[in-house]
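Visitor: Questions regarding the structure given below will be posed in turn.
The values are calculated or read from the model by the stated rules, or taken from the named source; none is laboratory data. Note that this is a predicted model, so its numbers are computed, not measured. Here Cβ is always computed from backbone atoms with ideal geometry, including for glycine, and neighbour counts include all displayed protein chains.
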Amino acid sequence: MRILVTGGAGYVGSVSVEHLAAAGHDVVVLDSYATARPGANLAGAAVVEGTYTDRAAVAALLREQRIDAVLHCGARSLVGESIREPALYFRENVAGGIALLEAMRDAGVERLVISSTAAVYGVPASTPIPEDAPLRPINPYGESKRSLEATADWFAVAYGLRAVSLRYFNVAGAGPTNGERHEPETHLIPNAIRAAAGGPPLTVFGSDYPTPDGTPIRDYVHVLDLAEAHRLALEATAPGDARSGGHLLACNLGSGVGYSVRQVLVEAERVIGRPIPQTAGQRRAGDPPTLVADITRARDALGWGPARSSLEEMIGSAWAWWSAGRE
Ligand SMILES: NC(=O)c1ccc[n+]([C@@H]2O[C@H](COP(=O)([O-])OP(=O)(O)OC[C@H]3O[C@@H](n4cnc5c(N)ncnc54)[C@H](O)[C@@H]3O)[C@@H](O)[C@H]2O)c1
């Protein structure tokens with residue numbers, strides 16, 4: 001398959017590019033380098049610098065490269081930034097996403113996999129969260145992804161788009177040569193690693209949640225498990241495949257197990273073999289106590305399961321990548 005990966009120079013994108021190329025697919029990366037890692041290893045792919053928001057340029061690229069399917073990882077994805085700058089999030093993630101979908105129509109490309117997020121659920125009434133739980137995002141980032149999903153769903157109904165949306169919970173870990181380094185970094189495991197390696201102490205945001213140890217519980221999924229889900233979801237968009245077409249297929253991707261911030265830090269100190277300096281902070285607005293995925297649908301519809309998503313493997317691979325001095 002010839003696959004265009006938007007945002008392919010970012011964290012999730014670069015690991016997926018490596019995985020798809022290793023599985024024998026031809027990969028073209030389209031990245032604006034807005035938040036990319038400059039040192040991403042994209043050796044197995046052709047790389048085009050540009051934005052997915054440019055309908056005419058993307059349609060031309062899809063035609064020139066004879067693309068069969070698009071994996072849309074490109075996005076703005078910082079919750080705090082989205083609250084301060086909603087215009088950026090709706091312009092890029094929603095208006096830009098529509099430009100991408102229209103470019104696909106223009107070029108006759110019907111197969112799409114979207115990087116979505118658990119943020120579409122907002123504060124769930126209960127967990128584990130199934131896909132048919134109400135979508136009530138509480139920030140512009142989550143709202144922008146809900147809007148993109150809704151657009152893709154109606155494109156599926158009206159124009160025959162074959163689309164799968166993957167709602168990631170907390171992505172962690174590293175692939176063989178690509179890993180996670182965001183600026184600013186808002187994720188727990190890379191910040192724990194930075195603190196262990198002599199960086200600023202880690203801030204634990206709130207310890208009075210209604211959870212056994214008072215810190216929030218989250219569901220972590222290995223980025224390589226995600227990459228495999230991308231491969232399976234792209235296959236599920238094949239013409240005639242009953243799993244896609246007619247409507248968007250939305251699947252949660254998590255491990256199905258929750259760990260508290262405190263549990264992650266205890267395991268990180270064990271795996272890394274160093275203390276993680278910590279300070280206590282206030283709760284962050286909009287952080288629900290517990291977010292855990294119901295992953296039944298991804299298992300049933302995609303034949304996917306989390307094979308590498310133990311805390312030990314996620315923290316260990318992230319630490320190995322960091323220690324190897326990768327950029
Ligand atoms: N990392 C997580 O825990 C997580 C969780 C849920 C969902 N997601 C989603 O997964 C996707 C990837 O996340 P990530 O953590 O790898 O983020 P990232 O910031 O590392 O990667 C995003 C990539 O998209 C590129 N990009 C942004 N705007 C673009 C544009 N207009 N045109 C082309 N490229 C553009 C950036 O330069 C970057 O390389 C995003 O859609 C995000 O919303 C991530």
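Visitor: What is the number of the single condition among (1) surrounded by fewer than 21 Cβ atoms within 10 Å (Cβ to Cβ); (2) out of contact with any strand residue (DSSP E or B) (no Cβ under 7 Å at 6 or more places or on another chain) that Tyr141 does not meet?
Guide: Tyr141 satisfies all of (1) surrounded by fewer than 21 Cβ atoms within 10 Å (Cβ to Cβ); (2) out of contact with any strand residue (DSSP E or B) (no Cβ under 7 Å at 6 or more places or on another chain) except (1).
Visitor: Please work out if Ile276 is in contact with a Gly (Cβ under 8 Å, 6 or more places away or on another chain) and touching a residue at least 12 places away in the same chain (Cβ under 8 Å). Before the answer, list the steps.
Guide: Values: in contact with a Gly (Cβ under 8 Å, 6 or more places away or on another chain): no; touching a residue at least 12 places away in the same chain (Cβ under 8 Å): yes.
Judged against the criteria, Ile276 is not a match.
Visitor: Out of the residues in segment 66-83 meeting the condition of being under 17 Å from the mean Cα position of the chain (by Cα) and under 20 Å from His230 (Cα atoms), tell me which one is surrounded by the most Cβ atoms within 10 Å (Cβ to Cβ).
Guide: Leu71
Visitor: For segment 248-265, name all the residues that are out of contact with any Pro (no Cβ under 9 Å at 6 or more places or on another chain) and closer than 15 Å to Leu166 by Cβ.
Guide: Leu248, Leu249, Ala250, Cys251
Visitor: Separate question: Out of Arg105, Arg63, Arg37, which single residue is surrounded by fewer than 24 Cβ atoms within 10 Å (Cβ to Cβ) and at pLDDT below 95? Write out each step before concluding.
Guide: Working: Arg105 fails: at pLDDT below 95; Arg63 fails: at pLDDT below 95.
Among Arg105, Arg63, Arg37, only Arg37 is surrounded by fewer than 24 Cβ atoms within 10 Å (Cβ to Cβ) and at pLDDT below 95.
Visitor: Starting from residues that are farther than 18 Å from Gly97 by Cβ and in a loop (DSSP other than H, G, I, E, B), keep the ones in segment 12-35 and report whichever is farthest from the ligand (Cβ to nearest atom).
Guide: Gly24
Visitor: Inside segment 206-240, can you point out the residues that are in contact with a strand residue (DSSP E or B) (Cβ under 6 Å, 6 or more places away or on another chain), crowded, with 16+ Cβ neighbours inside 10 Å and more than 30 Å from Ile114 (Cα to Cα)?
Guide: Within segment 206-240, Thr211, Thr215 meet the criteria.
Visitor: Answer yes if at least one residue in segment 49-58 is more than 20 Å from the chain's Cα centre (by Cα), assigned to a strand (DSSP E or B) and at pLDDT 95 or above, and no otherwise.
Guide: yes
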